[in-house]
Amino acid sequence: MLYQAAEGGGAGSFTPILMIALLFGVMYFMMIRPQQKRRREAEAMQSGLSAGDEVVTIGGLYGTVTGVEDDSVLLEVAPGVQTRYARPAIARVVTKAERPVEPAAEETDAVKE
């Protein structure tokens with residue numbers, strides 16, 4: 001009888017491997033993928049900074065972007081007070097600066113005629 005019970009349990013040895021693979025799959029979709037998405041969004045926001053944008057730093061300091069360089073941003077935190085921050089230190093953009101709207105090429109052609 002012991003011999004028959006041992007033979008029936010052979011199919012269950014694949015189950016722990018399947019559970020570990022399932023655990024890694026769940027971790028990927030619950031933790032890794034959302035973090036990658038947030039990182040891409042933050043990089044896009046930081047690369048799109050321009051003069052006139054009102055931003056908040058990771059330290060909670062509000063300021064207006066007055067200058068943008070390759071890896072740093074110049075913020076005006078009070079009238080006449082400017083500080084330099086690394087781009088990754090910008091947590092979010094509060095308000096985007098208003099850009100002049102350029103008319104489309106089709107509209108300018110119609111006006112000329």
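The values are calculated or read from the model by the stated rules, or taken from the named source; none is laboratory data. Please read these numbers as outputs of a predicted model, since none were measured by experiment. So basically every Cβ, Gly included, is an ideal-geometry build from the backbone, and we count neighbours across all protein chains shown. These accessible areas exclude ligands, DNA and RNA; they are computed on the full protein's heavy atoms, side chains included. Shrake-Rupley method; radii C 1.70, N 1.55, O 1.52, S 1.80 Å.
Of all residues in region 17-51, how many are part of a helix (DSSP H, G or I) and either of a type in the set (S, T, N, Q) or in contact with a helix residue (DSSP H, G or I) (Cβ under 6 Å, 6 or more places away or on another chain) (or both)?
Narrowing region 17-51 to residues part of a helix (DSSP H, G or I): 17-47.
With the extra rule that they be either of a type in the set (S, T, N, Q) or in contact with a helix residue (DSSP H, G or I) (Cβ under 6 Å, 6 or more places away or on another chain) (or both), the set shrinks to 35-36, 46-47.
Residues that pass the stated criteria total 4.
For region 49-72, give me each residue that is of a type outside the set (Ser, Thr, Tyr), within 13 Å of Arg92 (Cβ to Cβ) and surrounded by 11 or more Cβ atoms within 10 Å (Cβ to Cβ).
Within region 49-72, the first condition is being of a type outside the set (Ser, Thr, Tyr), and the residues that meet it are 49, 51-56, 58-61, 63, 65, 67-71.
Imposing the further condition that a residue be within 13 Å of Arg92 (Cβ to Cβ) reduces the set to 49, 53-56, 58-61, 63, 65.
The answer is Leu49, Asp53, Glu54, Val55, Val56, Ile58, Leu61, Gly63, Val65.
Looking at Pro103, Pro88, which one is over 17 Å from the mean Cα position of the chain (by Cα) and either modelled with pLDDT of 95 or more or open to solvent by 60 Å² or more (accessible area, probe 1.4 Å) (or both)? Let's see the steps before the verdict.
Working: Pro88 fails: over 17 Å from the mean Cα position of the chain (by Cα).
That would be Pro103, the only listed residue that is over 17 Å from the mean Cα position of the chain (by Cα) and either modelled with pLDDT of 95 or more or open to solvent by 60 Å² or more (accessible area, probe 1.4 Å) (or both).
Which residues, counting only those in region 1-48, are at pLDDT below 90, open to solvent by less than 100 Å² (accessible area, probe 1.4 Å) and among the aliphatic types (A, V, I, L, M)?
Ala5, Ala6, Ala11
Under 8 Å by Cβ, and 6 or more places apart or on different chains, what pairs join a residue from region 60-88 that is under 27 Å from Arg40 (Cβ atoms) and part of a loop (DSSP other than H, G, I, E, B) with one that is aliphatic (A, V, I, L, M) and open to solvent by 40 Å² or more (accessible area, probe 1.4 Å)?
Leu61/Val77; Asp71/Ala86
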